[in-house]
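The next block holds one structure in the form of structure tokens; read it before the comments.
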Amino acid sequence: MKNGIYPRGVIYVRPPAFSRWVTALLTVALLLTTWAPLQRHAYARPELGSVVGKLSGPLLNSLGNNELLVWSDPIRHTVRTIIQTPGAVTPALRTAVVLAGGSVVRQFTSINGLLAELPKSNVLAIAARADVDHMSADHLAQQTASHLEVATGADVVRGNKTILNTFTGLDGSGIGIAVLDSGIMVNHSDYYGSLALVSRVAATQDTVSSNTALAQFENVLGLLLGVSLPLPLLGSNKDAYGHGSHVAGVAAGRNSGSSGSPGFQGIAPNARLIDVRVLDARGLGQVSDVIAGIDWVIANRLSLNIKVANLSLGAASTESWVTDPLCRSVRRAVASGITVVASAGNYGQTASGLECYGSISSPGNDPTVITVGAANTHQTNVRSDDSVTHFSSRGPTRGYSVDDSGVKHHDNLIKPDLIAPGNAIVAAESRGSYLISVYYSQLHTSGTGTSAFMKLSGTSVAAPVVAGAVALMLQKNPGLTPPLIKAILQYTAQPVWDANIVEQGAGLLNIEGATRLAGALRSDISSRTALGTIRLGDPLLAAGAAMP
């Protein structure tokens with residue numbers, strides 16, 4: 001174990017072991033007891049004082065120029081803005097938006113607020129209202145673009161395959177994973193259940209909006225690329241871009257591929273998938289589309305048993321996580337009991353090849369989500385040669401608020417939380433997708449039609465590795481809470497010896513260690529937390545459990 005490198009599948013306990021365990025368990029207990037106060041703080045209105053202080057930086061800057069932005073229409077001189085309110089949205093605010101020459105596009109439930117299109121000339125007038133808390137630009141959100149099982153330790157906990165195509169160990173059975181992305185090719189063989197040709201995609205929802213400004217942006221992009229956009233959807237295949245299907249396959253694919261290699265299989269091959277399409281056929285969408293998708297996930301979490309949400313996408317992180325509407329939305333999801341996993345972003349290196357810090361995107365900059373950076377396994381099963389990829393976004397987070405004196409206060413949170421394999425990972429390929437047919441045909445690896453596979457790299461790929469791991473942990477112990485899951489993943493992660501904390505967080509994902517620790521804890525933590533009957537200092541170990 002030289003140079004701080006440890007074998008795959010071993011829980012790394014730093015000496016002295018007893019003090020480390022006590023510290024870890026006290027930390028977990030503290031997370032549980034501070035959960036409610038954290039939520040109250042997250043929704044507290046910052047005392048900004050001035051009307052201008054209610055506007056995010058990009059929104060304020062847009063009022064003085066006529067740029068072509070996906071959330072700004074230079075022809076009509078309007079902006080699409082997410083208006084957050086201190087309480088429920090009032091009818092008076094909706095009326096005021098219309099009287100100001102604007103329109104209400106949609107109203108949200110995961111945050112107090114609505115999406116409106118407003119003339120630039122009337123933005124400040126709306127911001128001056130007492131029933132307006134904060135206004136943000138409706139930024140562009142986009143995808144942040146095996147030996148996977150062996151490299152992460154998933155093979156150790158899975159067990160043997162049964163005659164019914166299930167597994168004797170942990171395979172994610174019964175756990176719902178919501179994939180908020182460009183869609184899922186439902187009839188791909190990667191998503192078959194124990195019965196052949198029966199898809200494990202339990203539900204689909206599409207929240208992609210029709211945005212004139214975005215359409216103009218895409219037309220310009222199409223001219224530059226020399227292709228016609230948007231591409232037509234291909235029959236029943238709703239993933240015309242191809243990103244969401246691959247992400248779903250990494251988290252929960254179960255097909256061994258044409259070669260029979262186990263490396264094609266995802267982390268939780270028997271989990272249920274919930275397809276929430278928030279990105280269009282180019283892998284583009286608006287923050288409001290993502291928030292609407294989160295609204296739907298929260299509303300349907302009980303009926304579909306959605307325990308995990310994967311967001312392999314990112315928007316510009318220009319304001320503090322306290323006021324960022326996408327961050328507020330994911331916090332509401334976490335507060336409802338859903339573990340949210342987000343990609344860190346692919347902005348770890350500048351165009352000139354320099355390492356870039358402070359490049360975490362939203363919602364990965366929120367403290368309640370599990371933010372995942374990408375590791376390069378160098379296509380070996382051992383972890384001793386793993387490293388942080390050059391493209392993986394580094395911390396700290398650089399969102400900021402501005403006080404009444406105009407001084408910026410940066411968040412500077414330590415992110416990512418951990419790293420997972422995210423380089424050249426093979427998973428499902430969406431038939432005829434934009435990624436393959438127009439952009440990167442070399443990504444195709446094998447197969448055709450409903451059994452085609454491709455390889456991608458990015459924190460978009462690393463995030464669903466962790467989302468699948470969370471499903472395994474919840475199968476092992478349904479009583480885990482989102483903050484407890486995050487604490488376990490970070491505690492059992494294995495540090496990469498040549499990377500610092502804002503490159504790797506706690507270190508490499510260790511699925512065997514995480515599931516073993518999850519199994520050692522009591523299974524009523526979540527229910528007792530909901531009832532408020534668990535207190536600081538209460539034992540968290542299951543009765544008769546030994547330290548793993």
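At a glance:
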item	result
Stretch gain in nm, segment Asn187-Ser336, where the contour uses 0.36 nm per residue and the Cα spacing is subtracted	50.6 nm
Span from the the stretch 404-438 Cα centroid across to the the stretch 492-532 one, whole angstrom	21
Convex hull of Cα atoms in the stretch 268-327, direction-averaged projection (nm²)	5.2
Cα-based radius of gyration of the stretch 488-548 once divided by 2.2 N^0.38 Å, which approximates compact folds	1.40
Over the stretch 397-548, equivalent-ellipsoid semi-axes from the Cα gyration tensor in Å	34, 26, 16
The stretch 367-424 - convex hull of the alpha-carbon atoms, volume per residue in Å³	92
Simple label model, 7 Å out from Cα along Cβ direction - Ala203 to Ala542, nm	2.9
For peptides 318-330, 79-91, sequence by mean Cβ density within 10 Å, most packed first	318-330, 79-91
Accessible area per residue in Å² at 1.4 Å probe, computed on the stretch 402-548	37
Burial order of peptide ranges 480-490, 384-394, 305-315, 440-450 (average beta-carbon count within 10 Å, highest first)	305-315, 480-490, 384-394, 440-450
Anchor Lys455: aspartates and glutamates whose Cα lies under 19 Å away (excluding residues fewer than 8 positions away in-chain)	Glu149, Asp181, Asp190, Asp239, Asp386, Glu429
With all protein chains modelled, accessible area of Asp206 [1.4 Å, Å²]	80
Rg followed by Dmax, in Å, when the stretch 314-403 is reduced to its Cα trace	14.7, 50
Greater than 29 Å apart at Cα, pairs in Lys54/Lys238; Lys238/Lys486; Lys120/Lys408; Lys120/Lys307	Lys54/Lys238; Lys238/Lys486; Lys120/Lys307
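The values are calculated or read from the model by the stated rules, or taken from the named source; none is laboratory data. All of these numbers come straight from a predicted model, not from anything done at the bench. When we count neighbours, we look across all protein chains shown, and the Cβ atoms used for this are built from the backbone with ideal geometry, even at glycine. For the accessible areas, the whole protein counts, side chains as well, though only heavy atoms, and no ligand, DNA or RNA atoms are used. Shrake-Rupley method; radii C 1.70, N 1.55, O 1.52, S 1.80 Å.
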